[in-house]
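Colleague: Here it is, the structure, as structure tokens.
The values are calculated or read from the model by the stated rules, or taken from the named source; none is laboratory data. Values in this document were obtained by computation on a predicted structure and should not be read as measured data. Here Cβ is always computed from backbone atoms with ideal geometry, including for glycine, and neighbour counts include all displayed protein chains.
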């Protein structure tokens with residue numbers, strides 16, 4: 001096998017995601033998993049679950065992960081990369097611990113991990129690392145072999161992630177009436193998080209207002225806006241905004257909210273807008289409800305023409321990017337210096353999360369980082 005297609009030392013890839021209900025009876029138990037330890041009453045969870053009940057109690061995320069699994073396996077096979085791909089979730093079946101148990105029983109001992117979160121933050125990175133540590137501890141308690149797990153680097157600026165989104169913006173602009181297309185604003189959206197979590201996102205050197213989380217999103221937004229300008233000859237005004245806020249109202253979260261921003265655009269005379277969900281890998285519930293339902297209804301109320309561009313989902317270019325990330329990390333683990341693809345101004349992210357990266361409020365073990373108890 002050539003070095004270009006050698007996954008060694010890895011013997012498997014794990015797709016690690018959030019999980020979601022697959023029917024009405026799953027909704028409240030799923031939300032109990034998500035909010036465990038926060039003391040939220042079951043009746044309140046039923047209210048929160050209305051978003052899912054509008055879609056038959058089914059989150060699209062599991063189906064989208066199955067599609068991504070198929071795309072990854074097809075891409076790996078076509079490239080001659082003999083690496084099995086498994087799937088585990090944080091909050092619903094297939095659960096992470098069950099998947100890791102299956103993997104070690106299949107003889108997997110060195111596992112590359114891809115999370116369905118492209119950016120640095122506690123909830124998008126370290127919490128997954130904590131989940132990995134919990135699962136490894138469970139295997140250890142059962143007397144099973146404990147595999148080495150390595151989380152692949154943040155891929156927010158990898159061409160295979162950015163370029164499909166750029167094409168999605170171009171397609172959405174083309175759907176707008178020609179009379180409003182040139183003046184359309186680009187509204188880049190991502191999940192809001194508490195200001196305190198944003199400010200401490202990424203390595204310690206990146207901590208400060210917005211931290212790495214905001215900096216990375218701004219870099220992607222600017223990269224896409226620049227690419228759209230090059231393709232169309234039009235410099236569309238743009239802004240990074242937030243959606244899907246939860247939690248206590250007195251706790252500051254990143255703003256402005258997407259619906260508030262659409263109202264501001266209309267008041268300022270903007271003729272149209274394209275919502276660009278750069279913070280999301282696929283069209284899961286936050287995209288389908290918060291953008292396609294709530295924000296789109298707000299735009300209709302404002303009489304503001306709006307379109308929502310596509311996420312990368314199972315795009316073949318994203319699958320190829322994952323292959324690139326695996327082979328890049330494998331080469332680095334073998335002691336070579338691979339080429340690392342990245343667009344924008346920030347360059348490729350770190351392989352190993354350093355101590356102090358995206359800290360939690362309460363100290364907990366986290367795997368796949370410089371502070372991992374599982375080397």
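Colleague: Just one of (1) under 24 Å from residue 125 (Cα atoms); (2) in contact (Cβ under 8 Å) with a residue 40 or more places away in the chain; (3) in the same structural domain as residue 195 (by TED's automatic domain parsing) trips up residue 344, so point out which.
Modeller: Against the list (1) under 24 Å from residue 125 (Cα atoms); (2) in contact (Cβ under 8 Å) with a residue 40 or more places away in the chain; (3) in the same structural domain as residue 195 (by TED's automatic domain parsing), residue 344 comes up short only on (3).
Colleague: Another question, if that's okay. Right, residue 278: modelled with pLDDT of 95 or more, touching a strand residue (DSSP E or B) at 6+ places or on another chain (Cβ under 8 Å) and not in a helix (DSSP H, G or I) or not?
Modeller: It is true that residue 278 is modelled with pLDDT of 95 or more, touching a strand residue (DSSP E or B) at 6+ places or on another chain (Cβ under 8 Å) and not in a helix (DSSP H, G or I).
Colleague: Turning to a different aspect of this structure: At pLDDT 95 or above, surrounded by fewer than 19 Cβ atoms within 10 Å (Cβ to Cβ) and more than 20 Å from residue 245 (Cβ to Cβ): which single residue out of 347, 369 fits that description?
Modeller: Working: 369 fails: surrounded by fewer than 19 Cβ atoms within 10 Å (Cβ to Cβ).
Result of the check over 347, 369: 347.
Colleague: Please verify whether region 327-337 includes one or more residues that are touching a helix residue (DSSP H, G or I) at 6+ places or on another chain (Cβ under 6 Å) and surrounded by fewer than 23 Cβ atoms within 10 Å (Cβ to Cβ).
Modeller: Checked region 327-337: no residue is touching a helix residue (DSSP H, G or I) at 6+ places or on another chain (Cβ under 6 Å) and surrounded by fewer than 23 Cβ atoms within 10 Å (Cβ to Cβ).
Colleague: Given the criteria touching a helix residue (DSSP H, G or I) at 6+ places or on another chain (Cβ under 6 Å) and part of a strand (DSSP E or B), does residue 149 qualify?
Modeller: Criteria met by residue 149.
Colleague: Filter region 253-287 down to residues that are surrounded by fewer than 18 Cβ atoms within 10 Å (Cβ to Cβ) and out of contact with any helix residue (DSSP H, G or I) (no Cβ under 7 Å at 6 or more places or on another chain), then give me how many there are.
Modeller: Number satisfying all stated conditions: 7.
Colleague: For residue 374, only one of the following conditions fails: (1) touching a helix residue (DSSP H, G or I) at 6+ places or on another chain (Cβ under 6 Å); (2) within 21 Å of residue 206 (Cβ to Cβ); (3) modelled with pLDDT under 95. What is its number?
Modeller: Just one mismatch for residue 374, condition (2).
Residue by residue, here is whether (1) crowded, with 20+ Cβ neighbours inside 10 Å; (2) in contact with a strand residue (DSSP E or B) (Cβ under 6 Å, 6 or more places away or on another chain) holds:
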{"site": "183", "(1), (2)": "no, no"}
{"site": "188", "(1), (2)": "yes, yes"}
{"site": "196", "(1), (2)": "no, no"}
{"site": "202", "(1), (2)": "yes, no"}
{"site": "209", "(1), (2)": "no, no"}
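Colleague: Also, I was wondering about something else. Here are 323, 340, 329, 317: which of them is in contact with a strand residue (DSSP E or B) (Cβ under 8 Å, 6 or more places away or on another chain) and modelled with pLDDT of 95 or more?
Modeller: After applying the criteria, what remains is 329.
Colleague: crowded, with 20+ Cβ neighbours inside 10 Å, in contact (Cβ under 8 Å) with a residue 40 or more places away in the chain, over 20 Å from the mean Cα position of the chain (by Cα) and part of a helix (DSSP H, G or I) - does that describe any residue in region 232-247?
Modeller: no
Colleague: Then there is this: For residue 323, state whether it is surrounded by 15 or more Cβ atoms within 10 Å (Cβ to Cβ), over 18 Å from the mean Cα position of the chain (by Cα) and under 20 Å from residue 81 (Cβ atoms).
Modeller: no
Colleague: Scan region 170-183 residue by residue and report those that are over 19 Å from residue 316 (Cβ atoms) and within 27 Å of the chain's Cα centre (by Cα).
Modeller: Those that are over 19 Å from residue 316 (Cβ atoms) and within 27 Å of the chain's Cα centre (by Cα): 172, 173, 174, 175.
Colleague: Scan 100, 83, 69 and give me the residue that is touching a residue at least 12 places away in the same chain (Cβ under 8 Å), closer than 22 Å to residue 284 by Cβ and buried (at least 16 other Cβ atoms within 10 Å of the Cβ).
Modeller: Of 100, 83, 69, the one residue that is touching a residue at least 12 places away in the same chain (Cβ under 8 Å), closer than 22 Å to residue 284 by Cβ and buried (at least 16 other Cβ atoms within 10 Å of the Cβ) is 69.
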